[in-house]
1. Return the only residue of Gly377, Gly353, Gly323 being on the phi < 0 side of the Ramachandran plot, in the same structural domain as Pro302 (by TED's automatic domain parsing) and among the small types (Gly, Ala, Ser).
2. Under 6 Å between Cβ atoms, which residue pairs at least 6 apart in sequence (or on different chains) link something in region 61-78 that is surrounded by 14 or more Cβ atoms within 10 Å (Cβ to Cβ) with a partner that is of a type in the set (Gly, Ala, Ser)?
3. Being within 17 Å of Leu301 (Cα to Cα) and touching a Gly at 6+ places or on another chain (Cβ under 7 Å) is the filter; apply it to region 168-195 and report the residue that is modelled with the lowest pLDDT.
4. List pairs: first in region 286-298 and under 17 Å from Gly252 (Cβ atoms), second at pLDDT 95 or above and polar (S, T, N, Q), Cβ under 7 Å, 6+ apart or cross-chain?
5. Which residues, taken from region 186-232, are over 20 Å from Met130 (Cα atoms), under 24 Å from the mean Cα position of the chain (by Cα) and among the basic types (Lys, Arg)?
6. Looking at (1) touching a Lys or Arg at 6+ places or on another chain (Cβ under 6 Å); (2) crowded, with 24+ Cβ neighbours inside 10 Å, which is the only condition Gly222 fails?
7. Could you list, in sequence order, all residues of region 205-257 that are out of contact with any strand residue (DSSP E or B) (no Cβ under 8 Å at 6 or more places or on another chain), assigned to a loop (DSSP other than H, G, I, E, B) and of a type outside the set (D, E, K, R)?
8. Among what's in region 32-53 and is touching a His at 6+ places or on another chain (Cβ under 8 Å) and among the hydrophobic types (A, V, I, L, M, F, W, C), pick the residue that is surrounded by the most Cβ atoms within 10 Å (Cβ to Cβ).
Amino acid sequence: MEDRGAFVVRSNGPLSGTVRVAGATKNAGLKQMAAALLAPGATTLRNVDPVADLDVMIDVVRALGAAVEWVGPHEIRVDASGEITGEAPYELVTRMRASINVLGPLLGRCGSARVAMPGGDNIGNRKLDMHFRGLEAMGAELSVVRGFIEARAPVLTGARVVLEFPSVGATENLLTAAVLAKGTSVIENAAREPEITALAAMLNRMGARVFGAGSSTIEVEGVEEVAGVDVEVMGDRIEAGTYLMACGIAGGEITIEGTSLHHLELVARKLGEMGMRVSAAPSGLWARADERLRAADIATLPFPGFATDYMPLAVALLSVADGTAIVTENIFDNRFSFVDELNRMDADIRTEGRHAVVRGKPRLSGAPVRALDVRAGAALVIAGLAADGETVVFDRHHVDRGYRDLAGSLRSLGADVEAVGADRPSGEEGP
């Protein structure tokens with residue numbers, strides 16, 4: 001059987017110390033790489049870390065005709081000065097959902113695109129209907145032919161688009177497509193995530209005219225051209241949330257640098273409700289958990305609500321909290337598949353549809369389990385911090401898609417976590 005790596009986790013008492021989060025390469029940096037295709041010039045992204053999904057996006061952007069190179073330990077330059085082709089290959093796009101983000105920039109710059117239907121985590125139905133309807137409102141013609149999205153728009157024109165749901169991906173694609181469109185575009189019910197605000201800030205520095213990012217209404221006045229820029233990728237708020245949940249599970253006192261309390265405000269409030277103390281620190285966050293936390297109900301919602309990416313981590317925490325909690329997943333329809341793996345560790349979790357009832361236990365039991373996606377894998381790792389014996393989390397490659405070095409970061413806080421087996425597949429490059 002192919003070696004896809006594993007984590008070996010042993011309980012080692014409370015956490016202590018300081019950890020710095022990586023740049024939000026997966027949720028912000030990849031989208032900014034796609035946006036760099038709009039500019040016939042060079043864009044440099046700083047605070048970039050070599051997670052596995054980055055390797056895929058590098059290959060996608062190169063296949064489209066741009067040059068990509070590491071220019072420092074955490075800096076990538078995307079040079080789209082040459083001719084950009086409109087086709088994103090099947091074998092690359094199907095490996096990662098974020099590669100759909102090239103659709104908007106390709107239509108805006110090239111007037112056409114042929115992008116394979118995207119792949120990624122198996123966490124439920126994520127239709128592209130909103131992407132399509134929004135782009136069609138701007139004058140694009142789209143169809144799906146043999147697994148490829150074929151889009152044509154010799155001229156994109158500004159339009160008012162009302163999203164049925166504040167989809168991050170749809171907001172990003174429409175935002176980037178609107179930058180070079182003729183006239184003004186308005187995106188209503190837009191996603192409000194910090195990553196959207198960061199993307200809009202980058203586009204404005206490139207010469208775009210984007211207003212209202214971070215609110216539910218984004219207005220984009222089309223411009224004739226944009227230029228490459230230097231930009232720093234924001235800190236990874238999901239990674240920060242992972243360490244907060246780990247501290248809640250293992251107990252202890254930690255400082256998390258490189259992030260902002262504003263980006264994790266509801267998570268901090270929910271953890272406070274459970275008995276953990278979380279506050280802003282000069283360079284990020286401070287957190288302390290002196291005793292077993294209390295159970296609290298959780299429901300996922302778009303930002304500024306409780307993000308769906310935190311949900312598996314929160315379920316791991318609730319599995320060792322005092323009491324019973326109900327967790328409701330409102331974003332994706334198949335995100336509780338990891339619960340069977342947690343139950344293998346003697347957790348007491350029952351699911352029905354979009355709901356999970358979690359009855360906390362003082363301790364879990366170490367067991368062999370499998371990571372099914374990025375956050376589910378991370379949840380199993382931190383659950384192992386409160387499990388007797390040894391927990392082995394197989395299929396580590398899923399976790400490596402979104403975390404630079406989860407094992408090393410947790411070890412810096414005193415956890416006993418080791419990454420074993422295969423690293424990234426050969427042929428994938430880093431700095």
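1. Answer to the selection: Gly377.
2. Listed pairs, sorted by first residue: Gly65/Gly82; Ala66/Ala80; Arg77/Ala42; Val78/Ala36; Val78/Ala66.
3. Checked region 168-195; the qualifying residue modelled with the lowest pLDDT is Ala170.
4. Trp286/Thr255; Trp286/Ser279
5. Arg205
6. Every condition holds for Gly222 apart from (2).
7. The answer is Gly207, Gly214, Val226, Ala227.
8. Of everything passing the filter in region 32-53, Val48 is surrounded by the most Cβ atoms within 10 Å (Cβ to Cβ).
The values are calculated or read from the model by the stated rules, or taken from the named source; none is laboratory data. Bear in mind that the values here come from a model prediction, so they are computed numbers and not experimental data. Ideal geometry is used to build each Cβ from the backbone, glycine not excepted, and the neighbour counts take in all protein chains shown.
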